[in-house]
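*Asks:* There's a structure below that I have some questions on.
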Amino acid sequence: MKNYKTFLKGFVLIVFCFAFLSLNVNGQPKPWNVPDEYKAMNNQVVKGDASIKAGMALYIKNCASCHGKTGLGDGVKARMLKDFPGDFSGAFYQNQTDGEHFYKTKFGRGEMPKYEGKMTDEDIWNMVNYMRTFKK
Ligand code: HEC
């Protein structure tokens with residue numbers, strides 16, 4: 001009986017440890033491995049009104065369902081996702097380079113769809129520019 005209790009305590013502790021480890025400040029399950037050449041990549045589209053407007057239309061159509069209209073990660077589909085899509089208004093997102101945003105949008109992972117082949121690089125840069133406007 002004593003052994004059983006010890007086992008149970010250990011088990012509960014392990015479960016808590018896993019729950020704690022899977023919690024993450026930014027809500028991401030694990031860090032992304034963005035290759036250096038993408039991290040350092042120059043944005044190929046100037047952040048002007050035309051780009052931001054084009055990016056907004058694409059974002060609302062393709063991304064807002066999960067990421068939310070203002071990028072808070074609160075789109076209608078978000079609650080059905082296993083992983084939190086991220087808060088685009090916060091420092092964790094905004095401190096990344098344009099190239100990191102580009103890479104993640106282009107190649108995706110898990111529940112984040114991959115837009116390679118579905119959108120041109122120019123479209124992706126337009127959205128990257130638009131998503132900068134979510135900064136608090
Ligand atoms: C089906 C829901 C869904 C759609 C649609 C979607 N995303 Fe995502 N997105 C996610 C999820 C979930 C994550 C977090 C994935 C992870 O960390 O493994 C994510 C992560 C991201 C990230 C990385 C965020 C960070 O903090 O590093 C970017 C950038 C991104 N998405 C951009 C977009 C863009 C741009 C579109 C539209 C073209 C889009 N997403 C459409 C679910 C979605």
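The values are calculated or read from the model by the stated rules, or taken from the named source; none is laboratory data. Bear in mind that the values here come from a model prediction, so they are computed numbers and not experimental data. Methodologically, a virtual Cβ is constructed for each residue, glycine included, from the backbone with ideal geometry; neighbour enumeration extends over all protein chains shown. Heavy atoms of the whole protein, side chains included, go into the accessibility calculation; ligands, DNA and RNA do not. Shrake-Rupley method; radii C 1.70, N 1.55, O 1.52, S 1.80 Å.
*Asks:* Using only Cα atoms and rounding to the nearest 10 degrees, what angle (0 to 90) does helix 121-132 make with the longest principal axis of the chain?
*Replies:* Value to nearest ten degrees: 70.
*Asks:* How large is the dipole of the chain about the Cα centre if only Lys and Arg carry +1 and Asp and Glu carry -1, each at its Cβ, rounded to the nearest 20 debye?
*Replies:* 760 debye
*Asks:* Considering only protein heavy atoms and a probe of 1.4 Å, how much of the accessible area of segment 62-136 is carbon and sulfur, as a whole percent?
*Replies:* The nonpolar share, carbon plus sulfur, comes to 55 percent.
*Asks:* Enumerate the calculated ³J(HN,Hα) couplings along segment 60-67 in order (Karplus 6.51 cos²θ - 1.76 cosθ + 1.60, θ = phi - 60°), each rounded to whole Hz, writing x wherever the residue is Gly or Pro.
*Replies:* Those phi angles translate into 4, 6, 9, 10, 4, 4, 9, 7 Hz.
*Asks:* Would you kindly derive the ³J(HN,Hα) couplings of segment 46-55 from the backbone phi angles with the Karplus curve 6.51 cos²θ - 1.76 cosθ + 1.60 (θ = phi - 60°), listing them in order in whole Hz, with x for Gly and Pro?
*Replies:* 4, 6, x, 4, 4, 5, 5, 5, 5, x
*Asks:* Is the shape of segment 40-97 best called rounded, prolate or oblate, per the rule: a/c under 1.5 gives rounded, else a/b larger than b/c gives prolate, else oblate, with a ≥ b ≥ c the square roots of the Cα gyration tensor eigenvalues?
*Replies:* Oblate, since a/c reaches 1.5 and b/c is not below a/b.
*Asks:* A further question on this structure: Name the residue from V12, G117, P35 whose Cα lies farthest towards the positive end of the charge dipole of the chain, charges +1 on Cβ of Lys and Arg and -1 on Cβ of Asp and Glu.
*Replies:* Sorting the options by dipole projection puts first V12.
*Asks:* Mind pulling the angle between the C-alpha long axis of helix 2-22 and the longest principal axis of the chain? Nearest 10 degrees, somewhere in 0 to 90.
*Replies:* With both axes taken from Cα atoms, the answer is about 10 degrees.
*Asks:* Follow-up question, since we're still on this one. Run the numbers on the chain and let me know its relative contact order in percent, using alpha-carbon pairs under 8 Å that are six or more apart.
*Replies:* 29 percent
*Asks:* Find the accessible area per residue for segment 30-132; the probe is 1.4 Å, ligands and nucleic acids are left out, and the unit is Å².
*Replies:* Per residue, segment 30-132 has 57 Å² of solvent-accessible surface.
*Asks:* From the phi of every residue in segment 74-85, what ³J(HN,Hα) in whole Hz does the Karplus formula 6.51 cos²θ - 1.76 cosθ + 1.60 yield, where θ is phi - 60° and glycine or proline is x?
*Replies:* Ordered by residue, 3J(HN,Hα) equals 10, x, 4, 7, 4, 5, 8, 7, 6, 9, 5, x Hz.
*Asks:* Another question, then. Using only Cα atoms, locate the centre of segment 63-136 and the centre of segment 34-62, then give the distance between them in Å, rounded to an integer.
*Replies:* When both Cα centres are located, 10 Å separates them.
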